[in-house]
Amino acid sequence: MSAWLRFATIGSMYMAQTFATAFVSHLMPAIYRDQGLPLERFWILSVALIPFWFRWAWAPLVDRNTHGPFGPRKSWFLPCTALGVLTYVGLSLVDPTIEQIWWLMAVFGLQALVVSTQEVAVDAYMVDNIAPRERGAGSGVKTYMEAVAEVMALAGLAFVYDRHGWDAAVTVAAALFVFFFIPALVRREKPLHTAAQPERSAARPSVARFLRRRDSYVIIALLAAGGIAQGMYFPMMGAFLVDAGLAVTEVGTVLGVVVVIGMFIGATVAMTAVNRLGTKRTVAILAIAAFPAFVPAVYIATQESVGLVLIILGMSIPTSVLALMYVVFVVARLSWTSTLQAGTDYSIQSAIFRGGATAAVGVGGLLAAWLGWIGFFVAYAAIVVAVSLVFFVVSDPLDRLVARRVEREQSLARTGRPADPEL
């Protein structure tokens with residue numbers, strides 16, 4: 001299979017995963033803000049995604065049990081896809097009203113539990129099937145296909161919800177969830193590269209092994225900060241545009257177009273920059289570009305009435321910067337992940353990143369309520385700059401720690417002897 005077809009298969013799986021999170025973190029804020037949910041209560045929407053915060057607890061179980069009839073990762077894809085569809089059925093039984101918000105969040109929480117388990121296997125599949133030299137291109141394709149899924153969740157589902165109601169929107173979301181997993185389900189699973197493990201017990205996946213490594217604590221801090229910076233933007237944009245006078249359908253359409261434009265520009269620039277300049281210099285560009293990128297958003301916030309074209313153009317600029325940041329983090333996470341426990345390592349990283357991103361919804365609501373929308377955009381740009389600068393400063397020391405750890409892991413894979421306590 002060609003590299004680009006592999007990337008497309010991986011990206012398609014992440015598209016399916018994106019529907020569950022985009023539904024609750026991108027579309028629901030607009031729906032509930034339209035119903036009058038105060039910004040101070042937006043933290044409720046984060047509760048449904050808590051399972052993503054803790055999936056590290058069961059990630060080793062998924063990573064260890066790789067002897068299913070369909071392949072080590074695919075054997076998890078099929079049952080989780082079926083259970084995911086059942087959770088969409090559950091969503092259709094609850095109305096998206098403020099009175100029933102906690103019931104709806106409970107069902108979304110069950111869905112997050114299933115999808116987060118499935119994503120452990122998806123993460124491991126990606127690590128297995130993207131070689132080091134392919135990380136820039138693979139991460140860019142993954143990012144853009146996730147963006148396409150967000151467009152479908154924002155523009156497509158918003159349109160269906162507005163025209164045909166909640167049940168129709170949930171049904172379409174379930175169908176798309178299944179559809180985009182089909183390439184992975186029909187493809188024969190044959191990892192491109194895996195670590196040789198003559199003594200599997202010596203490299204048994206575990207959270208404890210991740211926590212014993214010195215590089216892990218730097219990684220944890222970076223991912224938590226990156227998740228907060230990455231996760232605050234789109235949920236708050238839905239609320240911002242509703243406050244600006246747009247209907248839910250218009251919000252979905254505008255954000256959908258913004259995602260297509262911004263993510264394409266950001267992912268394309270990131271693929272080129274990472275391959276030619278490396279992640280450290282790319283992060284430096286990100287730090288420089290962040291404040292200017294949010295100037296159009298601040299301008300829009302000062303106006304009583306702004307045309308849709310100007311809103312789309314103005315919001316696409318910061319979106320492209322955030323896409324650049326996201327690709328950098330995906331590339332970095334691939335390099336930080338141990339091939340001895342790919343699913344566990346990447347899932348712990350994803351849980352930390354997702355935890356920061358979902359917590360950012362509540363933080364963003366408080367910032368917008370306290371500072372107003374102009375103050376929110378200024379504060380948010382400062383957060384992006386701060387995270388970028390921290391990444392830049394710790395990049396070289398962290399790379400050295402990871403390189404030494406990789407050498408030890410390669411030795412373990414050859415000999416089967418865990419001589420180093422960090423492993």
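The values are calculated or read from the model by the stated rules, or taken from the named source; none is laboratory data. For clarity, every value in this text was computed on a predicted model and none was experimentally measured. With ideal geometry, Cβ positions are generated from the backbone for all residues, glycine too; neighbour counts draw on all protein chains shown. For accessibility, only protein heavy atoms count, side chains too; no ligands or nucleic acids. Shrake-Rupley method; radii C 1.70, N 1.55, O 1.52, S 1.80 Å.
The table below lists the values:
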{"quantity": "Complete set of residues in the range 288-308 that are within 24 Å of the chain's Cα centre (by Cα) and either open to solvent by less than 20 Å² (accessible area, probe 1.4 Å) or modelled with pLDDT under 90 (or both)", "calculated": "ALA290, ALA293, PHE294, ALA297"}
{"quantity": "Qualifying residue in the range 181-192 (condition: modelled with pLDDT of 75 or more and open to solvent by less than 30 Å² (accessible area, probe 1.4 Å))", "calculated": "yes"}
{"quantity": "VAL178 being open to solvent by 30 Å² or more (accessible area, probe 1.4 Å), modelled with pLDDT of 75 or more and under 21 Å from the mean Cα position of the chain (by Cα)", "calculated": "yes"}
{"quantity": "Failed criterion for ARG276 (all others in (1) modelled with pLDDT under 85; (2) out of contact with any Asp or Glu (no Cβ under 6 Å at 6 or more places or on another chain) hold)", "calculated": "(1)"}
{"quantity": "Positions within the range 362-397 being at pLDDT below 85 and open to solvent by less than 20 Å² (accessible area, probe 1.4 Å), in sequence order", "calculated": "GLY362, GLY364, GLY365"}
{"quantity": "Sole exception among (1) surrounded by fewer than 24 Cβ atoms within 10 Å (Cβ to Cβ); (2) touching a Phe, Trp or Tyr at 6+ places or on another chain (Cβ under 6 Å) for PRO38, by number", "calculated": "(2)"}
{"quantity": "Residues within the range 344-366 that are hydrophobic (A, V, I, L, M, F, W, C) and farther than 10 Å from MET232 by Cα, tallied", "calculated": "5"}
{"quantity": "Qualifying residue in the range 121-140 (condition: closer than 17 Å to MET28 by Cβ and part of a helix (DSSP H, G or I))", "calculated": "no"}
{"quantity": "Filter pass, ALA208 being among the aliphatic types (A, V, I, L, M), free of Cβ contacts under 8 Å to residues at least 24 places away in the same chain and part of a helix (DSSP H, G or I)", "calculated": "yes"}
{"quantity": "Residue in the range 321-342 that is more than 30 Å from PRO60 (Cα to Cα), in a helix (DSSP H, G or I) and open to solvent by 10 Å² or more (accessible area, probe 1.4 Å) present", "calculated": "yes"}
{"quantity": "Scan of the range 46-59 for residues that are at pLDDT 80 or above and either farther than 22 Å from MET152 by Cβ or in contact with a Pro (Cβ under 9 Å, 6 or more places away or on another chain) (or both), ordered by number", "calculated": "VAL47, ILE50, PRO51, PHE54, ARG55, ALA57, TRP58, ALA59"}
{"quantity": "Helices (runs of 4 or more DSSP H) lying entirely in the range 1-49 (those with 1 or more residues that are free of Cβ contacts under 8 Å to residues at least 24 places away in the same chain)", "calculated": "3-22"}
{"quantity": "Selection from the range 238-249 of residues that are surrounded by fewer than 20 Cβ atoms within 10 Å (Cβ to Cβ), of a type outside the set (Gly, Ala, Ser) and either outside any helix (DSSP H, G or I) or at pLDDT 80 or above (or both)", "calculated": "ASP243"}
{"quantity": "Residue satisfying condition, being open to solvent by 10 Å² or more (accessible area, probe 1.4 Å), of a type in the set (Val, Ile, Thr) and assigned to a helix (DSSP H, G or I), within set THR117, THR143", "calculated": "THR117"}
{"quantity": "Answer from ARG408, ARG400, ARG414 - the residue that is modelled with pLDDT of 85 or more and either in a helix (DSSP H, G or I) or open to solvent by less than 30 Å² (accessible area, probe 1.4 Å) (or both)", "calculated": "ARG400"}
